[in-house]
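Asker: This structure is in structure tokens; I'll ask about it shortly.
The values are calculated or read from the model by the stated rules, or taken from the named source; none is laboratory data. All figures in this text were calculated on a predicted structure; none of them were measured in a lab. Neighbour counts are summed over all protein chains in view; Cβ atoms, including those assigned to glycine, are modelled from backbone coordinates with ideal geometry. Heavy atoms of the whole protein, side chains included, go into the accessibility calculation; ligands, DNA and RNA do not. Shrake-Rupley method; radii C 1.70, N 1.55, O 1.52, S 1.80 Å.
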Amino acid sequence: MSERIRKRTKYLTVSAMLAALGVICMSLGSLVEVLDLTTAVLASMLCIYAVIEMGGGYPWAIWLATSILSLVLLPIKTPAIFYTAFFGFYPILKEKLEKRSRPIAWTFKLLAFHLSLGVIALVFHLFLPEQMTEEFPFFWLALYAASLVAFLLYDLALTRMITFYLIRLRHRFQIK
């Protein structure tokens, strides 16, 4: 067997395991509803590993497989919706955007955040309308502000975690 086929087989196997682990992680968020955002973020860390170690289309395949399986299998879809609409693909997009200049990267990062937030709000409005009725008049503005701050902290945390992985952990978890 050629080295190229062996490498592709290894990457495909690791991708399948990462997708399965992502679904398992989000199933915990589905069972304990307080952890829905947390488990979506943890599942996104698996995409970071794929971006660093495998590159190419493998991280996108992991995101797609994890999204579809979690949307189909989870009893409560909230972690799957957050993962599919933002947390799953953002680490992949972040890697692509950070090769650009800082102002361009941040413009597109904020654009991706706002589009994803709009998609999440639309999905909740269409499929979970009882959760969208809120009598507090500034609720949506406060939620948007909190989401924006959380996004900025998430981006900073991703950068720090990626740096930590590259400096301290990569030699232990690298695919050989």
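Asker: For the range 44-100, taking Cα atoms only, what is the radius of gyration to one decimal and the Dmax to the nearest whole Å?
Answerer: Calculated on Cα positions, Rg and Dmax stand at 11.6, 40 Å.
Asker: Something else: What nm distance separates the two modelled labels at L152 and L122, each placed 7 Å from Cα along Cα→Cβ?
Answerer: 2.7
Asker: Sorted from largest down, what three extents in whole angstroms do the Cα atoms of the range 71-176 have along their principal axes?
Answerer: The Cα atoms of the range 71-176 stretch 51, 37, 18 Å along their principal axes.
Asker: Rounded to a whole number, what % of the accessible area of the range 67-176 do carbon and sulfur atoms account for, probe 1.4 Å?
Answerer: In the range 67-176, the share of accessible area belonging to carbon and sulfur is 72 percent.
Asker: What's the magnitude of the charge dipole for the range 1-135 around its Cα centre, counting Lys and Arg as +1 and Asp and Glu as -1 at the beta-carbon? Answer in Debye, nearest 20.
Answerer: Values: 12 positive and 9 negative charges, 201 e Å.
Using only the charged Cβ atoms, the result is roughly 960 debye.
Asker: Suppose the chain between R4 and L111 were pulled fully straight at 0.36 nm per residue; how much longer would it get relative to their current alpha carbon spacing?
Answerer: Between R4 and L111, full extension yields 34.8 nm more.
Asker: Would you mind estimating how fast the range 89-131 diffuses translationally, via Stokes-Einstein at 25 °C and 0.890 mPa s with the Kirkwood radius over Cα pairs, in µm²/s?
Answerer: Roughly 213 µm²/s, to the nearest whole number.
Asker: Now for a different question. Give me the accessible area of L35, 1.4 Å probe, in Å² rounded to the nearest 10.
Answerer: For L35, the solvent-accessible surface is approximately 70 Å².
Asker: If you look at just the Cα atoms of the range 1-119, how large are its Rg and its Dmax in Å?
Answerer: Cα radius of gyration and Dmax of the range 1-119 are 15.1, 48 Å respectively.
Asker: Still on this structure: Give the accessible surface of the chain per residue, rounded to a whole number of Å², with probe radius 1.4 Å and ligands, DNA and RNA excluded.
Answerer: 62
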